[in-house]
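The values are calculated or read from the model by the stated rules, or taken from the named source; none is laboratory data. Because the structure is a prediction, the values reported are computed rather than measured. Cβ placement follows ideal geometry from the backbone for every residue including glycine, while neighbour counts extend to all protein chains displayed. Surface areas here come from the heavy atoms of the whole protein model, side chains and all, with no ligands, DNA or RNA. Shrake-Rupley method; radii C 1.70, N 1.55, O 1.52, S 1.80 Å.
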Protein chains: 2
Amino acid sequence: MALKKKPVTGMRDILPAEMQVREYVMNQIRETYRGFGFTQIETPCVEHIENLTSKQGGDNEKLIFKILKRGEKLKLETAESERDLVEEGLRYDLTLPLARYYSNNGAQLPNPFKALQMGSVWRADKPQKGRFRQFTQCDIDILGDASSMAEIELILATTTALGKICPNNAFTVRINDREILRGMALYCGFPEDSLDSVFITLDKMDKIGTEGVEKELLEAGYCQESVAQYIKLLSEVGHDAAGVRKLGEMLSQVLPKAVTDGLAYIMETVSDVAETEFSLYFDPTLVRGMSYYTGTIFEVSMEGFGGSVAGGGRYDKMIGKFTGKDAPACGFSIGFERIITILMDRGGEVPGEQPRKAYLVEKGMDDARFCEIMRQAMAERKNGVQVLVAQMNKNKKFQKEQLGKEGYIEFVEFYREALKE
Amino acid sequence: MALKKKPVTGMRDILPAEMQVREYVMNQIRETYRGFGFTQIETPCVEHIENLTSKQGGDNEKLIFKILKRGEKLKLETAESERDLVEEGLRYDLTLPLARYYSNNGAQLPNPFKALQMGSVWRADKPQKGRFRQFTQCDIDILGDASSMAEIELILATTTALGKICPNNAFTVRINDREILRGMALYCGFPEDSLDSVFITLDKMDKIGTEGVEKELLEAGYCQESVAQYIKLLSEVGHDAAGVRKLGEMLSQVLPKAVTDGLAYIMETVSDVAETEFSLYFDPTLVRGMSYYTGTIFEVSMEGFGGSVAGGGRYDKMIGKFTGKDAPACGFSIGFERIITILMDRGGEVPGEQPRKAYLVEKGMDDARFCEIMRQAMAERKNGVQVLVAQMNKNKKFQKEQLGKEGYIEFVEFYREALKE
């Protein structure tokens, strides 16, 4: 029986043209983040199933690729549930493994620690356009820094990287804080124990609009005055740092002013320092799905492109799940696959790629001359030229067209003897 | 219950110092191979279990990480064997997925296709020093080229890359051909159907020496004259191109002369063209484990370092397993993890790394001055300097020592006011 030629369901082979764009973008991200003092690290792709199913990953935990136990550990006869068959799985993100890494290696790392990760993650999502079961994430995180400097550096670094990769795109950074979200809802009289469900509704703002949110909250049975006040507050609050400070005064009964002042300070500093152009505003409706966020949250969207291209926030409670002692943590993740999709849709041109040269050598070239040709290729390569040496095919025109697709625009043809007319 | 801090069995967290060396080596390999016209591609880490267990992988097939079926496909109650639970697994090498990739995408690729792959592979080996269950492979392969040009380019490219990474190491390329191996054994009278077992013994030469090989062959019951003639032939054959040609004349009854002439031609051309210094010789005892090799095989060893640092060969029958039609294929794989181990053992110094600068900012800095400091950092970063901005810790000396380990050798300290005596 023939073997299977297609990739497994939901995953894909990456062809040379896209790979070139991916490598370019990765290098831009890596170089930018290094400039900001982030240090690259790596964790295994395989993680303990206990860690992967510890409720840190929300819905992603339903999508884990689980790895079968091996050898004597696999007791198929007595296995009663899936859990009996499994002790490891593929990581669904880079944040949980980073928290494990920091817990395991913290003593050997500088404090604070600025981590850069680029790697594959796996989620067994329903296959659909633009969504794959294996995809790349590019994350930066600052661990051990409770101050706003973490947020400021993360936003500056990420916007600088995005500005380099997509220099012609206007983009927007929206920012909020989980505590401000809570404060606003409490202020309007929503009960403490209902907040999670209120935010699940609020998170749909993109899709169902203000009216939809209002309707859903009323249908859920929340007090009419609370809902009305909440909707009014959401629409009236100012979106700049001054607006955030003013909001802080309004919420002072339910929220320490340090929270709103901190957010305003982040906004002011970033606006003052950033060299990349983007608009930054406070978005009181920004929720972000993951339950592990504890403070500031942010999301970047790009003009002409639905959905976010980067997002992140502060998660000060995750490391404590490993060590028993909480440690400050804040991260920003670039939606790498989205960026690649945008760039490929636009033709996948990569700036600064060197032109490539192909030597096409007729078959049956005598040995001494072939050595000479190869030496010439080696000399050019030493000087940094990309040189492909290939046997000349019968259909030379087709061969050159195919190579043209790979970026070859210079051909040197070597014949055994002078061409006849 | 606290989550697990250690990585899963046999896998490991990669710390910043090693990561720096890994990135450096990867860049060197990538740049060198690109210079030779190799094009980077990627296949999914997850592969069909049918492909992974198709006898292409030899013993590696016993070490596959298998992935549990999901949802309705998983029928635990009726599952009778492991195979019922599984339809995918993690790739154990990059060669089999490449053959699938080429079968699937060949029409869109130039012919011949020169592929470069760098990626993780997984094998559930017994954990032991220096061996890990997840490790990186760096492979180049030339698909669709039946000529010796493939071998020549692969050897030139790999030795050039190794010469750049380990410039002070003498290294040796040993070369053989599966057909010559067969020819020599047939010439000495070993029966055709015993050859695999003869080569399994021959492959132990490194460990048990000539005497050990002789003893094992005799114990296996092979004819005494055959064994004696074989051992004599192995020790007397010349190791240069001339020796290979001479061997070809001797074996002309059992082996087409084109095979030995081809190998001699590869050796002559590589010696003539190579710019990196290394010794290249014909090793009639070189077997290489994988059963998929069909022609030339080669292995690189490095002075002062046991075992091989790179290896490869021709495997013209694998693609046919996917398409029904054989296609020429030849590859070379660098033992990435071994190289990293060598470099780390020597201190892990990476040439050309830029010095890093850390700004240490005293707590409580006023807002305007902090913005000024951040703007200064952004300007330096724009000029290519790596600048870390961090809050100054109480124990400044310790902080600077820790950062020193990460390569920070320049510190700029910002205080709120003039230091008092």
Exercise. So, in the range B:22-81, of the ones that are free of Cβ contacts under 8 Å to residues at least 40 places away in the same chain and assigned to a strand (DSSP E or B), which residue ends up nearest to the chain's Cα centre (by Cα)?
Worked result: B:Lys66
Exercise. If A:Asn168 satisfies every condition in (1) within 12 Å of chain B (Cβ to nearest Cβ); (2) in a loop (DSSP other than H, G, I, E, B) but one, which is the exception?
Worked result: (1)
For this session: Pick out the one residue from B:Ser279, B:Ser271 that is touching a strand residue (DSSP E or B) at 6+ places or on another chain (Cβ under 8 Å), touching a residue at least 60 places away in the same chain (Cβ under 8 Å) and open to solvent by 40 Å² or more (accessible area, probe 1.4 Å).
Result: B:Ser279
For this session: Only residues that are in contact with a Ser or Thr (Cβ under 8 Å, 6 or more places away or on another chain) and among the basic types (Lys, Arg): list them for the range A:163-219, please.
Result: A:Lys164, A:Arg174, A:Arg178
Exercise. Which of the residues belonging to the range A:383-392 are more than 7 Å from every other protein chain (Cβ to nearest Cβ) and either open to solvent by 50 Å² or more (accessible area, probe 1.4 Å) or more than 17 Å from A:Glu410 (Cβ to Cβ) (or both)?
Worked result: A:Asn383
Exercise. Which residue pairs have Cβ atoms under 7 Å apart, sit 6 or more places apart or on different chains, and have a first residue in the range A:364-381 that is over 16 Å from B:Gly262 (Cβ atoms) and within 7 Å of chain B (Cβ to nearest Cβ) and a second that is among the small types (Gly, Ala, Ser) and buried (at least 18 other Cβ atoms within 10 Å of the Cβ)?
Worked result: A:Arg381/B:Gly35
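Select from the range A:1-11 the residues that are more than 7 Å from chain B (Cβ to nearest Cβ) and within 18 Å of B:Cys45 (Cβ to Cβ) and write down the one among them that is least open to solvent (accessible area, probe 1.4 Å). Outline the logic, then answer.
Step one: list which residues in the range A:1-11 are more than 7 Å from chain B (Cβ to nearest Cβ), which gives A:1, A:9-10.
Subsequent filtering for residues that are within 18 Å of B:Cys45 (Cβ to Cβ) retains A:9-10.
On the way: A:Thr9: 79, A:Gly10: 17 Å².
Among them, the one singled out is A:Gly10.
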For this session: Find the residue count for the range B:80-139, including only residues that are open to solvent by 10 Å² or more (accessible area, probe 1.4 Å) and of a type in the set (Phe, Trp, Tyr).
Result: 3
Exercise. Conditions: (1) farther than 22 Å from A:Met290 by Cα; (2) not in a helix (DSSP H, G or I). A:Ala146 meets all but one. Number of the miss?
Worked result: (1)
Seminar exercise, completed: B:Lys75 passes all but one of the listed conditions (1) more than 8 Å from every other protein chain (Cβ to nearest Cβ); (2) crowded, with 18+ Cβ neighbours inside 10 Å; the exception is number (2)
Exercise. Of the residues in the range A:201-235, how many are open to solvent by 20 Å² or more (accessible area, probe 1.4 Å), touching a residue at least 24 places away in the same chain (Cβ under 8 Å) and under 22 Å from A:Tyr292 (Cα atoms)?
Worked result: 2
Problem set entry | Residues of the range B:46-55 satisfying the condition of being open to solvent by less than 10 Å² (accessible area, probe 1.4 Å) and within 7 Å of chain A (Cβ to nearest Cβ) | B:Val46, B:Glu47, B:Asn51
For this session: Report whether or not A:Met26 is out of contact with any helix residue (DSSP H, G or I) (no Cβ under 6 Å at 6 or more places or on another chain), more than 9 Å from every other protein chain (Cβ to nearest Cβ), aliphatic (A, V, I, L, M) and surrounded by fewer than 22 Cβ atoms within 10 Å (Cβ to Cβ).
Result: yes
Problem set entry | the range B:301-328 - residue that is free of Cβ contacts under 8 Å to residues at least 12 places away in the same chain and over 19 Å from the mean Cα position of the chain (by Cα) and, of those, surrounded by the most Cβ atoms within 10 Å (Cβ to Cβ) | B:Gly320
Problem set entry | Filter result (within 14 Å of chain A (Cβ to nearest Cβ), under 29 Å from B:Ile175 (Cβ atoms) and open to solvent by less than 30 Å² (accessible area, probe 1.4 Å)) within the range B:329-359 | B:Cys330, B:Phe336, B:Ile340
Exercise. Taking the range A:378-413, which residues are in contact with a Phe, Trp or Tyr (Cβ under 8 Å, 6 or more places away or on another chain), in a helix (DSSP H, G or I) and over 16 Å from A:Gln354 (Cβ atoms)?
Worked result: A:Lys400
Exercise. A:Thr32 is checked against (1) more than 7 Å from every other protein chain (Cβ to nearest Cβ); (2) of a type in the set (Ser, Thr, Tyr); (3) in contact with an Asp or Glu (Cβ under 8 Å, 6 or more places away or on another chain) and fails just one. What number does that condition carry?
Worked result: (3)
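Return yes when B:Ile14 is among the aliphatic types (A, V, I, L, M), under 30 Å from A:Gln354 (Cα atoms) and within 8 Å of chain A (Cβ to nearest Cβ) and no when it is not. Show your work before the answer.
Working: among the aliphatic types (A, V, I, L, M): yes; under 30 Å from A:Gln354 (Cα atoms): no; within 8 Å of chain A (Cβ to nearest Cβ): yes.
No.
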Seminar exercise, completed: Listed by first then second residue, the pairs whose first member lies in the range A:283-295 and is at pLDDT 95 or above, whose partner is of a type in the set (Val, Ile, Thr) and part of a loop (DSSP other than H, G, I, E, B), with beta carbons under 7 Å and at least 6 positions apart or on separate chains, are A:Pro284/A:Val237
Exercise. Just wondering, is there one or more residues in the range B:368-380 that are at pLDDT below 90, farther than 30 Å from B:Arg131 by Cβ and among the basic types (Lys, Arg)?
Worked result: no
Problem set entry | Pair list, Cβ under 8 Å, 6 or more apart: the range A:149-160 residue within 9 Å of chain B (Cβ to nearest Cβ) and open to solvent by less than 10 Å² (accessible area, probe 1.4 Å), other residue among the hydrophobic types (A, V, I, L, M, F, W, C) and assigned to a helix (DSSP H, G or I) | A:Ile152/A:Ile266; A:Ile152/A:Val270; A:Ile152/A:Val273; A:Ile152/B:Met374; A:Leu156/A:Val270; A:Leu156/A:Val273; A:Leu156/B:Met374; A:Leu156/B:Met378
For this session: Answer with yes or no whether A:Arg100 is in contact (Cβ under 8 Å) with a residue 12 or more places away in the chain, facing another protein chain (nearest Cβ under 10 Å), charged (D, E, K, R) and touching a Gly at 6+ places or on another chain (Cβ under 8 Å).
Result: no
Problem set entry | Selection count, the range A:107-136, where residues are more than 8 Å from chain B (Cβ to nearest Cβ), in contact with a Leu (Cβ under 8 Å, 6 or more places away or on another chain) and either assigned to a helix (DSSP H, G or I) or free of Cβ contacts under 8 Å to residues at least 24 places away in the same chain (or both) | 0
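Determine whether the range B:178-185 contains at least one residue that is touching a residue at least 60 places away in the same chain (Cβ under 8 Å), open to solvent by 60 Å² or more (accessible area, probe 1.4 Å) and within 14 Å of chain A (Cβ to nearest Cβ). Full working, then the answer.
Taking the range B:178-185 and keeping what is touching a residue at least 60 places away in the same chain (Cβ under 8 Å), we get B:178-184.
Of the ones still in play, those that are also open to solvent by 60 Å² or more (accessible area, probe 1.4 Å) are B:179, B:182.
From what is left, the residues that are within 14 Å of chain A (Cβ to nearest Cβ) are none.
Scanning the range B:178-185 turns up no residue that is touching a residue at least 60 places away in the same chain (Cβ under 8 Å), open to solvent by 60 Å² or more (accessible area, probe 1.4 Å) and within 14 Å of chain A (Cβ to nearest Cβ).
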Problem set entry | Within the range A:56-72, tally of residues that are at the interface with chain B (Cβ under 10 Å from one of its Cβ atoms) and open to solvent by less than 30 Å² (accessible area, probe 1.4 Å) | 5
Exercise. Got a number for residues in the range B:337-362 being in a loop (DSSP other than H, G, I, E, B) and either of a type in the set (Ser, Thr, Tyr) or modelled with pLDDT of 90 or more (or both)?
Worked result: 1
For this session: Among the residues of the range A:176-195, count how many are part of a helix (DSSP H, G or I) and under 26 Å from A:Ala241 (Cα atoms).
Result: 11
